[in-house]
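What follows is a single structure, written as structure tokens, with notes after it.
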Amino acid sequence: MATDLENIQFIPYLMNRLTSSFNNAWLEQLRPHGLNIARWQALCVLSIQDGARVGEIAELCGTEQPVTSRVIDQLQRAGLVERRPAEEDQRVVRVWTTERGQALFEIIIPRAGDFVSWALRNFDDED
């Protein structure tokens, strides 16, 4: 029988498995829209903080700035976001959601809520 210490050592493994399973299931919902988890996260950040700098998006997504920059490149090629110089300083570039990107976000966000409800259906407030 496992001791409490042995059970604790499995927590990071189990959390990783849970997150991976959750992301894979959500990815199946995103793929038909040309999105992956990283692109969705960036759109979510921009839905709250449109006009953010890439570094700010990276920080809020919990990723490195070069990774986020590539994600923004992908979203820009898809016509979902655009980069523009900041009004206050033309050397600073900010990322803005396009009308197409906002429309896609509005289509997917109710599904995200449904997905979270589905994922948590067997948990109560105490869990």
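Key figures
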read-out: Ratio of Rg to Rh over the chain (Cα coordinates, Kirkwood Rh, two decimals); value: 1.08
read-out: Residues Ile37 and Val93, FRET efficiency given R0 of 30 Å [Cβ-Cβ distance, rounded to 0.05]; value: 0.80
read-out: Probe 1.4 Å, all protein chains present, accessible-area order of Val67, Val92, largest first; value: Val67, Val92
read-out: Surrounding net charge for Gln76, when Lys and Arg each add one and Asp and Glu each subtract one, Cβ distance under 12 Å; value: +4
read-out: Relative contact order of the chain, pairs being alpha-carbon contacts under 8 Å that are 6 or more residues apart, as %; value: 20
read-out: The chain: calculated mean residue ellipticity at 222 nm from DSSP helix runs of at least 4, using -39500 (n - 2.57); value: -21000 deg cm²/dmol
read-out: Compactness of the stretch 70-118 - radius of gyration and Dmax, Cα, Å; value: 14.0, 45
read-out: For the chain, accessible area per residue (1.4 Å probe, heavy atoms of protein chains only), Å²; value: 70
read-out: Accessible-area composition of the stretch 14-76, carbon plus sulfur, in percent [1.4 Å probe]; value: 49
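The values are calculated or read from the model by the stated rules, or taken from the named source; none is laboratory data. Predicted, not measured: the structure shown is a model, and the values here were computed from it. When we count neighbours, we look across all protein chains shown, and the Cβ atoms used for this are built from the backbone with ideal geometry, even at glycine. What goes into the accessible areas is simple: the full protein's heavy atoms, side chains included, and nothing from ligands, DNA or RNA. Shrake-Rupley method; radii C 1.70, N 1.55, O 1.52, S 1.80 Å.
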